[in-house]
Structure formats: structure tokens, C-alpha cells
Amino acid sequence: MPAQRLDLAGLTTRIVGPDDAPITVVLLHGFGAPGDDLVALAQHIDAPVRFVFPEAPLELGGLYGDARAWWLLDLAKLEQELRAGVPRDRSGEIPDGLPAARDHVSRLLDQVKSRLGVEDKQLVIGGFSQGAMLSLDVALHRDTPPAGIILMSGTIVAESAWQPKLPKLAGVPILQSHGRHDMLLPFNIAEKLRDRLRAAGATVEWQQFVGGHEIPPIVLDAVGKFLRARAT
């Protein structure tokens with residue numbers, strides 16, 4: 001099914017799937033990816049849902065080509081970490097652009113609800129890497145939690161702001177995946193996030209895999225199973 005392009009909250013957004021789908025899934029791409037980076041996943045996820053893929057508002061340009069971000073990173077520090085092969089714990093960081101990104105995506109969700117006729121109980125939000133971090137941050141700050149959250153290769157940021165809000169996700173189904181050899185975002189911090197979410201009462205399905213910072217077929221299968229359960 002071809003993607004429909006729509007402007008939602010000022011973001012170019014691609015929509016794939018039937019208008020009458022029981023669940024609408026908003027997926028946020030990662031840092032440095034093109035705006036349509038995750039669109040192809042709709043062909044590989046077996047679930048009767050409608051997907052919404054917004055493009056992040058920040059254009060990186062330069063050597064990165066068609067690359068976007070939800071907030072900016074210190075690229076020199078990131079490259080240094082990658083060369084050293086030691087991923088950094090970002091738990092104590094509150095990215096400068098996080099509040100603005102949160103507000104932008106929250107407005108997008110409001111428009112998804114109003115313009116596409118979606119209720120919170122029909123809305124799943126998630127993403128990959130930076131998009132996973134942002135989707136969780138948005139869910140923690142909205143008045144009503146979504147029907148589910150998908151966190152693919154994310155990590156903890158803004159720990160001091162997140163921790164007191166985690167009980168808001170009690171009872172919320174969450175699918176979390178992470179590669180054991182992720183050299184960008186530490187596996188042990190992903191485990192820490194999983195445990196924190198479970199301690200707060202969220203229902204976390206944990207999908208680890210032997211691999212790096214990626215979305216392998218085993219994760220796509222888990223996402224499909226998770227969404228089929230939400231759609232029934």
C-alpha cells in the first residue's frame with residue numbers, strides 16, 4: 001500500500017495502512033536518518049494497523065545528506081565514543097532540544113487524534129534509538145497514556161525527570177528491544193530501563209537479540225505480535 005503524505009503539526013508525515021484500522025501506530029525515526037527511514041517497516045510488520053511516520057524537524061545537512069534529528073547531538077563526542085568502542089551512559093543528560101521535540105510530537109499526536117479520528121485507547125507510540133527515547137518522554141508527559149509503547153534500541157535520558165513520572169505507565173503494555181552488542185547505546189542501561197518500567201507497573205515485553213544498533217527480523221516479528229494483541 002502506497003504511503004499517503006500529510007502535514008501534521010508542521011511535520012511531513014507518511015501514513016500507511018487502512019483508515020479503519022483498530023490501532024494507529026506513530027513511529028519516530030532515529031538521529032541522522034532520513035525522514036522516511038522507517039516507512040519500509042510497514043511492509044514487514046504483520047499486523048492490521050495504520051502506521052504514521054513523521055519526519056523530525058531538524059535538518060542536519062552537510063555530509064549527512066538527507067538526515068534529520070529530533071534534537072542535536074555533540075557529534076565530535078559521539079564519534080570519539082564510537083572509535084573507543086565504549087558506549088556512554090546518558091541517563092543523567094537532559095538534551096537541550098528535548099522539551100521542544102516533546103511538544104512538537106505531542107501536538108502531532110493531538111492532530112492524529114483529531115484529524116484521523118483516533119482515541120488514546122487506539123494509539124500506540126514508539127520509535128528507534130532517539131525516536132524511542134522521545135516516544136517514551138512524550139508518553140510520560142501526556143495526560144493520558146497510549147494503548148502501547150514500542151521502544152527499539154532506546155536508552156534512559158532525563159532520568160531525574162522520568163523517574164517520578166514512570167508510575168503513570170502502570171498497566172501500559174510496552175515492547176522493548178535491544179542488541180546485546182549495541183556499541184552506541186549500552187545494553188545494560190536498556191536492561192535498567194526495562195526494570196524501572198516493570199517496577200513502576202508497566203507490562204514490559206523484552207526482546208533482546210545478538211546484534212548491534214539495529215532492527216533485525218526478530219524484533220519486527222515481536223512488534224507484529226505486540227500490535228496484533230493490541231488490535232484485538
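The values are calculated or read from the model by the stated rules, or taken from the named source; none is laboratory data. None of these values were measured; they are calculated from a predicted model. Here the Cβ positions follow ideal geometry from the backbone for every residue, glycine too, while neighbour counts run over all protein chains shown.
Of note:
- When Ser135 is tested against the conditions (1) touching a Leu at 6+ places or on another chain (Cβ under 9 Å); (2) more than 20 Å from Gly224 (Cα to Cα); (3) among the polar types (S, T, N, Q), the lone failure is (2).
- Single residue of segment 155-189 satisfying the filter (at pLDDT below 95 and hydrophobic (A, V, I, L, M, F, W, C)) that is nearest to Leu134 (Cα to Cα): Leu185
- All conditions in (1) surrounded by 14 or more Cβ atoms within 10 Å (Cβ to Cβ); (2) in contact with a Lys or Arg (Cβ under 9 Å, 6 or more places away or on another chain); (3) at pLDDT 95 or above hold for Gly35, with the sole exception of (3).
- Among the residues of segment 16-32, those that are without any contact (Cβ under 8 Å) to a residue 40 or more places away in the chain and surrounded by 17 or more Cβ atoms within 10 Å (Cβ to Cβ) comprise Val16, Gly17, Gly32.
- Candidate set: segment 10-43, residues that are in contact with a strand residue (DSSP E or B) (Cβ under 8 Å, 6 or more places away or on another chain) and among the small types (Gly, Ala, Ser); chosen: the one nearest to Asp120 (Cα to Cα): Ala21
- Condition check for Phe51: within 15 Å of Ile215 (Cβ to Cβ), free of Cβ contacts under 8 Å to residues at least 60 places away in the same chain and of a type in the set (A, V, I, L, M, F, W, C): yes
- Scanning segment 79-103 for residues that are in a helix (DSSP H, G or I), in contact (Cβ under 8 Å) with a residue 60 or more places away in the chain and within 23 Å of Leu136 (Cα to Cα) returns a single hit, Leu98.
- Residue that is farthest from the chain's Cα centre (by Cα), among those in segment 15-35 that are assigned to a strand (DSSP E or B) and closer than 12 Å to Ala56 by Cα: Ala33
- Residue match in segment 79-90 (condition: over 19 Å from the mean Cα position of the chain (by Cα) and among the acidic types (Asp, Glu)): yes
- Here Ile125, Ile156 are screened, and the one residue that is of a type in the set (Val, Ile, Thr) and out of contact with any Lys or Arg (no Cβ under 8 Å at 6 or more places or on another chain) is Ile125.
- All positions within segment 76-93 that are of a type in the set (Asp, Glu) and more than 23 Å from Ala161 (Cα to Cα): Glu79, Glu81
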